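The values are calculated or read from the model by the stated rules, or taken from the named source; none is laboratory data. On a predicted model such as this, the values are computed, not experimentally measured, just so you know. Neighbour counts run over all protein chains shown; Cβ positions are idealised from the backbone, glycine included. Heavy atoms of the whole protein, side chains included, go into the accessibility calculation; ligands, DNA and RNA do not. Shrake-Rupley method; radii C 1.70, N 1.55, O 1.52, S 1.80 Å.
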Amino acid sequence: MTAKTCNVERNKSRCPCTFNCGKHGICCDCLEYHRSSGELPACYFPKDAEKSGNRSIANFISLVQQKGTSFLA
């Protein structure tokens, strides 16, 4: 298996996170951080919900129940 490198600049351009942190564009670090906190990263939330800062799994489930999954596309 070959190692895949992270395209940080492309990831930064797609990252919807509005918080200033050192993980922008480094998705594997972002996922690890949020998983260790029992959360999901910004890219799992619609823009209006991401700005609230509530990245909890319970909030994500509630949003899916309210809005469906179209915001994930």
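Basic (Lys, Arg), over 20 Å from Ala73 (Cα atoms) and either open to solvent by 80 Å² or more (accessible area, probe 1.4 Å) or at pLDDT below 90 (or both): does that describe Lys51? Spell out how you get there, then give the answer.
On the way: basic (Lys, Arg): yes; over 20 Å from Ala73 (Cα atoms): no; either open to solvent by 80 Å² or more (accessible area, probe 1.4 Å) or at pLDDT below 90 (or both): yes.
Spelling it out, it is not the case that Lys51 is basic (Lys, Arg), over 20 Å from Ala73 (Cα atoms) and either open to solvent by 80 Å² or more (accessible area, probe 1.4 Å) or at pLDDT below 90 (or both).
So that you can scan it fast, the table gives a plain yes or no per residue for (1) polar (S, T, N, Q); (2) touching a Lys or Arg at 6+ places or on another chain (Cβ under 9 Å):
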| position | (1), (2) |
| --- | --- |
| Val8 | no, no |
| Asn11 | yes, no |
| Thr18 | yes, yes |
| His24 | no, yes |
| Cys27 | no, no |
| Ser37 | yes, yes |
| Ser52 | yes, no |
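Cβ-Cβ distance below 6 Å, separation of 6 or more or different chains: which pairs start in the range 14-43 with a residue that is within 20 Å of Phe60 (Cα to Cα) and among the small types (Gly, Ala, Ser) and end on one that is at pLDDT below 95 and in a loop (DSSP other than H, G, I, E, B)?
Ala42/Pro16; Ala42/Cys17
Any residue at all in the range 18-31 that is open to solvent by less than 90 Å² (accessible area, probe 1.4 Å) and touching a His at 6+ places or on another chain (Cβ under 6 Å)? Reasoning before the result, please.
As a first pass, look at the range 18-31 and keep what is open to solvent by less than 90 Å² (accessible area, probe 1.4 Å): 18, 21-31.
Within this subset, residues satisfying the condition of being touching a His at 6+ places or on another chain (Cβ under 6 Å) are none.
No, the range 18-31 contains no residue that is open to solvent by less than 90 Å² (accessible area, probe 1.4 Å) and touching a His at 6+ places or on another chain (Cβ under 6 Å).
Of the numbered conditions (1) open to solvent by less than 70 Å² (accessible area, probe 1.4 Å); (2) of a type in the set (Gly, Ala, Ser); (3) modelled with pLDDT of 95 or more, Ser36 fails exactly one; give the number of that condition.
Only one criterion in (1) open to solvent by less than 70 Å² (accessible area, probe 1.4 Å); (2) of a type in the set (Gly, Ala, Ser); (3) modelled with pLDDT of 95 or more is unmet by Ser36, namely (1).
Return the residue satisfying two criteria in turn: it lies in the range 1-17 and is at pLDDT 90 or above and either more than 16 Å from Tyr44 (Cα to Cα) or of a type in the set (A, V, I, L, M) (or both), and of such residues it is most open to solvent (accessible area, probe 1.4 Å).
Glu9
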